[in-house]
1. Suppose all protein chains stay in the model; what accessible area per residue would a 1.4 Å probe give for the stretch 316-439, in Å²?
2. At a 10 angstrom cut-off on C-beta neighbours, averaged per residue, how do the peptides 334-346, 208-220 rank from highest to lowest?
3. For Lys691 and Asn403, FRET efficiency with R0 = 35 Å and r from the beta-carbon atoms, rounded to 0.05?
4. What whole number of Å gives the distance from the Cα centroid of the stretch 572-610 to the Cα centroid of the stretch 116-150?
5. Peptides 633-641, 403-411, 310-318: what's the order by average Cβ count within 10 Å, highest mean first?
6. Might you report the magnitude of the Cβ-based charge dipole of the stretch 635-679 about its Cα centre, with Lys and Arg at +1 and Asp and Glu at -1, to the nearest 20 debye?
7. Give the separation of the Cα centroids, the stretch 518-536 to the stretch 674-713, in Å.
8. With each pseudo-label sitting 7 Å past Cα toward Cβ, what's the Glu155-Tyr128 distance in nm, one decimal?
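The values are calculated or read from the model by the stated rules, or taken from the named source; none is laboratory data. The shown structure was predicted, so the numbers you read here are calculated from the model rather than taken from an experiment. Ideal geometry is used to build each Cβ from the backbone, glycine not excepted, and the neighbour counts take in all protein chains shown. These accessible areas exclude ligands, DNA and RNA; they are computed on the full protein's heavy atoms, side chains included. Shrake-Rupley method; radii C 1.70, N 1.55, O 1.52, S 1.80 Å.
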Amino acid sequence: MAYKHYSTKIHWVWFTLLSILLSGCQFYHDATSRFNAYFLAKEKMEEVEQKMAESIQDDYNGVLNIFDPIDSTKTNAYREQFEYIIKKASLPIKWHKSSQYVDNCYNLIGRTRLYRQDYENALDTYKYVFANNDDANSRHEALVWMMRLFVEKNELKNMQVIKQAINEDSAPFNDENAKVYHLTMAQYYKIQRDYPNAIAHLSLVPPLEKNRTLRARYYFILGQMHKRIDGMEKAHQFFAKASKINTNYEMEFLAALNAKVTQPINLSNTKENKKLSKYFQKELKDLKNWDLRDRIYYQMAAIEMRRPDTDQALKDLNESIQISTKDKVQKGYSYLMSGKIYYEDIGDYEKAAAYYDSAMKLLPEDMHHYEMIAKRADYLKDLAKYTKIIREQDRLLSLSAMNEEERDSVFRAEMAQEKDAIIEKEAFKKINEQRKTLNLAQNTVTTNRDNSNSWYFYNPNATVAGSSQFLRTWGSRPLEDNWRRSRKQSVIPEQKGLQAQLKAQEEKEKAQKSDLFASIKSVDERRSEIPHSEADLSKIREKLGDALFNLSKVYLYKIEDFFLAQSNGQRLIDELPAHEYTPEMIYTLYTSCPEEACNPEIYKQLLIEQYPESFYAKILVNPDYVYQNNLLNKVVEKKYQMAYKLYNNGNYNNALVYLDEIDYQYPKNRLQDKVGMLRVLVAAKTAVTYKEYKDAIDVFLHKFPESEFAPRAKEMLELIPDGGIDARIPGRKEKK
C-alpha cells in the first residue's frame, strides 16, 4: 500500500515536471518571437509609417486624405526597410510555429506587401490569417487591412464583402483594429465625397488615437468636412480642437486660422470686425508666418466673400498671389478664387479667363472638381481669344475710317496707356522683390487693412505709386549709391574725361529707360497695320464675323448666358448680313430664344425672307428638307462615283456627261468641290491649249478657294509653262 502511494507521488512529480517543461517551451517560443524578431519588425514598421506620414504633401485647401494613398514612387524609398521587416517577421513563422505571435508576423508581412503594392500576395497573406487563426484580434486585423487594400485598388464591391464579414463577427474589436476600421471607412466615403458618412466614422477615431499629430489631423479633417456640408459652426469646433493640440507649427497655425474664419460672427458688427481685423494684422506681422502670409490673405478674402465685398476680396487675393514665396498650390487656389469671383459674381469673363489660365498651371490634377475647373478654363480661354479678335478688328475698322491726325492722336494715347501698364507691372515686380528679400528682423510694424498707417514697404498702394513715379522719371535703374546724375556729378572729382563719363552715363540711363518700352510699337508700325484697300477691309470683316459667331456660341452653349450670346449674334446679323455664318446665327438664335426673353418668330421670318436659299431657311419652310436632301446627296454620290470610274477608264466625255448632270440637276449638293476638281482632272486630260486647262483651274479656285483640293489645284497651276499660254499642249489634237 505504501509502495503504491509512493509510485503515485512519483508519477505526479513527473507529470508536474513535464507540464512545467512543456509550458516553458511555449513560453520560450512566445518570448523569443515577441521580444526578438517580431519586436524588431514591428518597431521598424512603425518607424517607416511615421516617416511616410511626415512626407505627405498636403493640400490644405482641399479635404485632407485620412491616410496618404499608396504610391510606389514614395514607398520604393523604403525598400531596404521593408526587406528587413519581412526577414525578421519570417523568423518566428519558420522557427517558432507554435508561438501566438506568428499570426502577428503574417499580418506585418501582409502590410509590407500592401505598401509595396504587391496586392496579390498581400491579399493571400491576409486570407491565410483569417482562415487559419482562432485569435479574434488577428482575424480582425487581417480583415481591416484587406479593406484598406480594396480601397487602394478601388475595388469597392470587394470592400463591401469584407465589411459584411466584419459585421457578422460577434467578437469585439480591440482599439487598434477599431481605429483602422473607422479610418478605412472614412477614407472610403471621403473618396466618394460622402462627407456625412465619412464624418460618422472619423469622429470615432480621435479618442482611439494616441499620436497627438494624427489626432490633430483628424480633427482638422472633420472641420474641413463639416465646412462643406453643414456650415461654419461645427467646422469651427473641430478646427478649434485641432489648434489646441501642439503638433507641427503649420497644422497648428492653419487650424487656428480656420477656426477664426469659421467662428460665428456678425460681419455687420463694427466691433467684431475690428477684432477680426486685429487678429489678421497680428498674424501677418508675426515672423513665424512669413511664408504663410499668402494663406492668411486667402482666408481674409474668404471672409470678405461672406459679406460679400468682391473688391476687397480681390485685393486680398492679389496680395496672396504677389507675396507667395514657395507654395505654388496655394497661389493656384488664389488665382482660382479670383477667377471664380470674376466669373460668378462680377460677370467679367475675360478677366476670369486670365485667372483660370494661371490657376490651371499651378493646381494639382488630383484636386476635387479638377476636370470641371479645367473645362471652364478651356472655354474661358476661347472666350478671351474671340473677344480679343473682335477688339482688334473693331480697332482696325475704326482707324480706317479716321483721318491721319485722328489716328496719330489715338496712337499716342495707346502708347501712353501701354507705357503706364508696363510701368505699373515693373513697379509691382520691383516692390515684390524687395518685400521677398527684406530682412525679416525689420518687420516690426503693423500691417493695416486700409494701409494708411503701415510702413512704406507694407503699403502696396504707396509702394507701387512711388515706384511707378520713379520709373516714369528715371527709368529702370540698378540699386546703387548716388543713382541720380546730378548727385554723381557732385561727388565725382574733377578730372580729365569727366564730361565723357557723364555723357556715357546719360546714354546708359536713356537706354535703360528705352529698353523698358522696347515692346511698344512705334507710330509708323501702327500706321502700317491700317487697312486701306477694300480687299483688306473685307478680310477684317470676315475675321470679325467669325469671332462674333464663335463668341456667341461660347456664351450660349458653354457659359449659358443667352443675352450675351444674343448681343454678339445680333451684331453679326446687323453689321455683317452677307457673312457666311449669318444664316446659321439667325437659326441658332431662333432655336435657343426663350419666349420670355425674345420672340423666336422674328428670327424665323428674317431667315426665310432674307436668306431663302440657305440650308436653314429651307429647313424651316420644309421640315422634310433634311431627309429629302440626304436622299438627293445619295443620288449625287452615286453619279459622282460613275463619273470617276469613267475618268479612270479614260472615257472622259461620258464622265463629263455625269458631271454636267450633277451640276444642272443638283446645284446645291454637298460634293460640289469634288465635282469641280474632277472637272479639272478631266480638263488636264482633254484640254487642247494651256489656256483652256488654266481656265478650268481658275474657275475651280474662284468657286472653291477653301476646298481641301485647292492646294492641289494651285500646284497644277504652277506646273503650266511660263509664256505661250495659247500654245497647244504637246500631243493634243484640235477638237472637231
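1. 54 Å²
2. Per-residue mean Cβ counts within 10 Å order the peptides as 334-346, 208-220.
3. Working from the Cβ atoms, E equals 0.15.
4. 67 Å
5. 310-318, 633-641, 403-411
6. Details: 7 positive and 5 negative charges, 28 e Å.
That gives the stretch 635-679 a dipole magnitude of about 140 debye.
7. After rounding, the separation between the Cα centres reads 37 Å.
8. In this crude label model, Glu155 to Tyr128 measures out at 1.7 nm.
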